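The structure appears right after this line, and notes come after that.
The values are calculated or read from the model by the stated rules, or taken from the named source; none is laboratory data. Being a predicted model, the structure only gives us computed values, none of them experimental. Cβ: placed from backbone, ideal geometry, glycine included. Neighbour counts: every protein chain shown.
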């Protein structure tokens, strides 16, 4: 598996990147949504490649299965006549592409600088088998209040767990549910009553 | 350097996804296209989180937990944004973000 890892990466990553670029440059919104679907699937296989099985599976379930269905429903409900293909002017394309290349250069330079500067330090501290502490049991315990994460020798009493963010996310999802249902409902009847 | 070479590949992929998302948000005139750009940006951030959870010793559990939170937040954001877009489409019969200028000074 470790021998195959670079080859799998160089197979999957360029495909994902090409799908992301195609998402941007296509003018048709239906095709853009389809390319986004392939990009999300490629990202999920990147997660599997990194050994994060739970995150990859949840990416497939929630993103590809849920969020993409929402986006496709939005496309289907609004893609009528002129809205399917909306042309962007050439000047806007030029400015955006120049800005995008500069942004990519800055991010790539930052990543290269980080990798080079932390190469010596990290070599000593990467554990032999990093998958041991990265299974879904550890993640579930961390979300339920069991201290997880690295033990800091300076502050051994410090416990890191993620129960409070987990609860906030739960309430947040409820608020999103109510808010989306309130915003997306049809108001025609009320307007007709108010008009006369 | 050899030890962290794969990390650089993942970071560059995340940077590419992020850049594509920003350019998508800037160039699309369709409101749903802007939403697709936001999804690309969040995916780039997620690739970064999971890559660091694999290659950084102090970030093994945190990277994946943060990635899960980002996925859940992205789902909520997509639902709310689509509700707003549909509401705008019902009221104005268009999804062109250039015509959403009622608050323009």
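Since residue A:109 meets every condition but one in (1) more than 8 Å from chain B (Cβ to nearest Cβ); (2) at pLDDT below 90, which condition does it not meet?
The failed condition is (2).
Being modelled with pLDDT under 90, within 22 Å of residue B:53 (Cβ to Cβ) and more than 9 Å from chain B (Cβ to nearest Cβ) is the requirement here; does residue A:4 meet it?
When the stated conditions are applied, residue A:4 passes them.
Could you check, for the stretch A:155-163, whether at least one of its residues is within 9 Å of chain B (Cβ to nearest Cβ), modelled with pLDDT of 80 or more and part of a helix (DSSP H, G or I)?
no
Which residues, counting only those in the stretch B:80-105, are in a helix (DSSP H, G or I), free of Cβ contacts under 8 Å to residues at least 40 places away in the same chain, facing chain A (nearest Cβ under 10 Å) and more than 24 Å from residue A:69 (Cβ to Cβ)?
Correct list: B:91 only.
Would you pick out the residues in the stretch B:3-45 that are more than 7 Å from every other protein chain (Cβ to nearest Cβ) and in contact with a strand residue (DSSP E or B) (Cβ under 8 Å, 6 or more places away or on another chain)?
Once the filter is applied, which keeps residues that are more than 7 Å from every other protein chain (Cβ to nearest Cβ) and in contact with a strand residue (DSSP E or B) (Cβ under 8 Å, 6 or more places away or on another chain), the stretch B:3-45 yields only B:31.
Could you tell me whether any residue of the stretch A:58-71 is in contact with a helix residue (DSSP H, G or I) (Cβ under 6 Å, 6 or more places away or on another chain), more than 9 Å from chain B (Cβ to nearest Cβ), assigned to a helix (DSSP H, G or I) and within 18 Å of residue B:70 (Cβ to Cβ)?
yes
Residues being more than 7 Å from chain B (Cβ to nearest Cβ) and surrounded by 12 or more Cβ atoms within 10 Å (Cβ to Cβ): count how many of those fall in the stretch A:81-96.
Residues that pass the stated criteria total 3.
Of the conditions (1) over 22 Å from the mean Cα position of the chain (by Cα); (2) at pLDDT 90 or above, residue A:62 satisfies every one except a single condition; which number is it?
Here residue A:62 meets the rest and fails (1).
In the list A:55, A:75, which residue meets the criterion of being out of contact with any strand residue (DSSP E or B) (no Cβ under 7 Å at 6 or more places or on another chain), facing another protein chain (nearest Cβ under 7 Å), closer than 20 Å to residue B:10 by Cα and buried (at least 17 other Cβ atoms within 10 Å of the Cβ)?
Of the residues listed, the single one that is out of contact with any strand residue (DSSP E or B) (no Cβ under 7 Å at 6 or more places or on another chain), facing another protein chain (nearest Cβ under 7 Å), closer than 20 Å to residue B:10 by Cα and buried (at least 17 other Cβ atoms within 10 Å of the Cβ) is A:55.
Please go through the stretch A:10-57 and pick out each residue that is in a helix (DSSP H, G or I), over 18 Å from residue A:70 (Cα atoms) and over 18 Å from the mean Cα position of the chain (by Cα).
Across the stretch A:10-57, the qualifying residues are A:10, A:11, A:25.
Can you spot a residue in the stretch B:46-63 that is more than 16 Å from residue A:46 (Cα to Cα), within 14 Å of the chain's Cα centre (by Cα) and facing chain A (nearest Cβ under 7 Å)?
no
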